[in-house]
1. Scanning for something over 30 Å from Asn131 (Cβ atoms), modelled with pLDDT of 75 or more and surrounded by 11 or more Cβ atoms within 10 Å (Cβ to Cβ), does segment 55-65 turn up at least one residue?
2. Exactly one condition in (1) modelled with pLDDT of 70 or more; (2) assigned to a loop (DSSP other than H, G, I, E, B) is false for Met1; which is it?
3. What residue, of Ala251, Ala287, Ala264, is crowded, with 19+ Cβ neighbours inside 10 Å, at pLDDT below 90, among the small types (Gly, Ala, Ser) and outside the structural domain of Tyr174 (by TED's automatic domain parsing)?
4. Can you tell me how many residues in segment 257-296 are within 23 Å of Ile182 (Cβ to Cβ) and of a type outside the set (A, V, I, L, M)?
5. When the residues of segment 193-225 are narrowed to those that are more than 30 Å from Val242 (Cα to Cα) and not in a helix (DSSP H, G or I), which ends up modelled with the lowest pLDDT?
6. With Glu145, Glu190, Glu120, Glu166 as the choices, which residue is under 30 Å from Asp87 (Cβ atoms) and assigned to a helix (DSSP H, G or I)?
Amino acid sequence: MAETEAKETKYTARCPDCGSTRLIKDFNRAETVCLDCGLVIKKDIVDRGPEWRAFDLDQKNNRARTGAPSTFTIHDKGLSTMIDWRDRDIYGKDISSGSRSQIYRLRKWQKRIRVNDAAERNLSFALVELNRLCSNLRLPNTIKEDAAVVYRNALDAGLIRGRSIESVTAAAVYAACRKAGIPRTLNEIEEVSHVSRKEIGRSYRFISFQLQLELAPTNPVSYIPRFSSKLGLSPKVQRRAVEILQQAFKAGLTSGKGPMGTSAAALYIASIQEGERRTQKEVAEVAMVTEVTVRNRYKEFEKKLGLEVDV
């Protein structure tokens, strides 16, 4: 039997004749066969793969007869039918004027059926806002999915009542970023949303407590690559900043301190030590903190870690 005609799979079952676990499925003969003794263990098996072949991605996409996978970023998970806004048939030809009014009514009722209660209207609006936030923040689709799940859980738990949809949506995005370890600050989310940083933080603390989201504190090291890239610093400065932060962790200097200010102070010290000096104002603007914060953290590191900084 040619191995090209059979697909070898891992089975927990054994051959009843010789006890071998080397079983294969021969889809050309629709049989499950033992490779050692040749016993046909099962016949008339079903091949659940496609009956067509594809030699590249375009052929695979064109010949597949299934739709897009379900997603949490659409209020109905993408499982409902969409009637296109263009008045054309499946062949791309214009629909006759007599049928256009009927298509218009079908399209209108389809939109009404897709959103048929207050909860779905809330979810529909929130997920559009969520997609806008993630696009402006250049976040991957995995973050969109996680944020949509957080918002759906908050909606099911009745946590949206009394709070704006925008603030809870922004809080869900922030929670998803924290969960995935992608550094996005509340200030950055505030810039692309329509609510204040204070309101986003309040909604985030509330839903994370009510939904019992187990999110680790933000690591200041995760901000170093992005901040140093904006400042035009070399990898040597980045490595030195990470070393300073590791020393600060061991000394307990990061506990209770904002991660942005801590990473900004480490970058400021590293830029001076490695001869790529940046001012406190430049570092503070990139990290979205005040110059006073950078100065306080820098002086604390310099004093307690015994760093030599030639200001």
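The values are calculated or read from the model by the stated rules, or taken from the named source; none is laboratory data. All values derive from a computational prediction rather than experimental measurement. Neighbour counts run over all protein chains shown; Cβ positions are idealised from the backbone, glycine included.
1. Yes, segment 55-65 contains at least one residue that is over 30 Å from Asn131 (Cβ atoms), modelled with pLDDT of 75 or more and surrounded by 11 or more Cβ atoms within 10 Å (Cβ to Cβ).
2. (1)
3. Going through Ala251, Ala287, Ala264 in turn, the sole match is Ala287.
4. Residues flagged as within 23 Å of Ile182 (Cβ to Cβ) and of a type outside the set (A, V, I, L, M) within segment 257-296 amount to 8.
5. His194
6. Glu120
Residue-wise test of (1) surrounded by 17 or more Cβ atoms within 10 Å (Cβ to Cβ); (2) in contact with a Cys (Cβ under 9 Å, 6 or more places away or on another chain); (3) within 30 Å of Ala216 (Cα to Cα).
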position: Asp84; (1), (2), (3): no, no, no
position: Ser96; (1), (2), (3): no, no, no
position: Leu127; (1), (2), (3): yes, no, yes
position: Cys134; (1), (2), (3): yes, no, yes
position: Ile160; (1), (2), (3): yes, no, yes
position: Cys177; (1), (2), (3): yes, no, yes
position: Asn187; (1), (2), (3): no, no, yes
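Each row is one residue, and each column tells you yes or no for (1) touching a residue at least 40 places away in the same chain (Cβ under 8 Å); (2) within 20 Å of Thr185 (Cβ to Cβ); (3) within 28 Å of the chain's Cα centre (by Cα).
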site	(1), (2), (3)
Thr218	yes, yes, yes
Ile224	yes, yes, yes
Lys257	yes, yes, yes
Met260	yes, yes, yes
Gln280	no, yes, no
Asn296	no, yes, no
Lys299	no, no, no
